[in-house]
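Below is one structure, written out as structure tokens, with a few remarks after it.
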Amino acid sequence: MSGAAGEGVLPPGSSALSSFSTGESFDPPESASADTLQRKSARTPVKRSLKGRALGYLSRREHSRAELARKLTPFVEEGDSLDAVLDALEREGWLSDARFAESVVHRRAGRFGASRIVGELKRNAVDSELIDQLAGDLRDSERSRARDVWSKKFSSLPATPAERMRQARFLMMRGFSSAAISAVLKGSDRNDEDFDVE
């Protein structure tokens with residue numbers, strides 16, 4: 001062997017990784033430890049105020065007051081006033097049950113019946129007068145919406161009682177009324193005003 005230890009050849013049995021295999025301590029360069037500290041501080045979560053957290057939720061979609069209160073409750077700390085935060089958000093126009101209800105109807109009306117949508121509004125403690133008004137509008141269009149949902153799923157009217165039950169069950173699960181379901185499955189071409197929606 002022509003190489004000498006002074007020429008950059010490691011002694012037999014040594015390697016750059018030997019300190020890891022023997023369990024000896026290995027001190028990284030100073031720059032590496034500074035980088036590590038930077039990464040750790042970047043991962044440390046910044047404490048957010050209740051209002052900041054609320055605005056984060058509201059920036060993604062509309063919420064009812066009751067729904068937002070449920071989401072914020074786990075983060076309330078001593079000295080916080082959840083009602084004061086919610087009142088301020090309503091005053092400033094960030095939080096609105098009416099906007100929330102309209103957004104629910106807009107997102108759900110093309111796929112669900114009035115009872116399913118009304119149930120969601122009630123679970124989120126929307127004002128009953130507002131729910132009644134929106135429910136009336138939904139019921140006016142119940143049959144046409146049921147027909148649209150049905151036509152996306154099925155290609156023809158039911159030919160057997162079993163198929164009729166299957167199609168009716170699908171529409172019931174979507175929250176459509178029995179009157180609307182019956183009209184759709186009969187292939188009725190009457191206007192919505194020709195029958196009462198439950």
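The values are calculated or read from the model by the stated rules, or taken from the named source; none is laboratory data. Bear in mind the structure is a predicted one, so any value in this text is a computation, not a measurement. Ideal geometry is used to build each Cβ from the backbone, glycine not excepted, and the neighbour counts take in all protein chains shown. When the accessible area is computed, the model is the full protein with side chains, heavy atoms only, and any ligands, DNA or RNA have been set aside. Shrake-Rupley method; radii C 1.70, N 1.55, O 1.52, S 1.80 Å.
So that you can scan it fast, the table gives a plain yes or no per residue for (1) open to solvent by 60 Å² or more (accessible area, probe 1.4 Å); (2) touching a strand residue (DSSP E or B) at 6+ places or on another chain (Cβ under 6 Å); (3) more than 25 Å from K71 (Cα to Cα):
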{"residue": "L95", "(1), (2), (3)": "no, no, no"}
{"residue": "G110", "(1), (2), (3)": "no, no, yes"}
{"residue": "A114", "(1), (2), (3)": "no, no, yes"}
{"residue": "S141", "(1), (2), (3)": "no, no, yes"}
{"residue": "R166", "(1), (2), (3)": "yes, no, yes"}
{"residue": "G175", "(1), (2), (3)": "no, no, yes"}
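In region 70-82, how many are more than 17 Å from V104 (Cβ to Cβ) and in contact with a helix residue (DSSP H, G or I) (Cβ under 8 Å, 6 or more places away or on another chain)?
Qualifying residue count for the region: 6.
Return the residue satisfying two criteria in turn: it lies in region 60-84 and is among the hydroxyl-bearing types (S, T, Y) and free of Cβ contacts under 8 Å to residues at least 24 places away in the same chain, and of such residues it is most open to solvent (accessible area, probe 1.4 Å).
Checking each candidate, the answer is T73.
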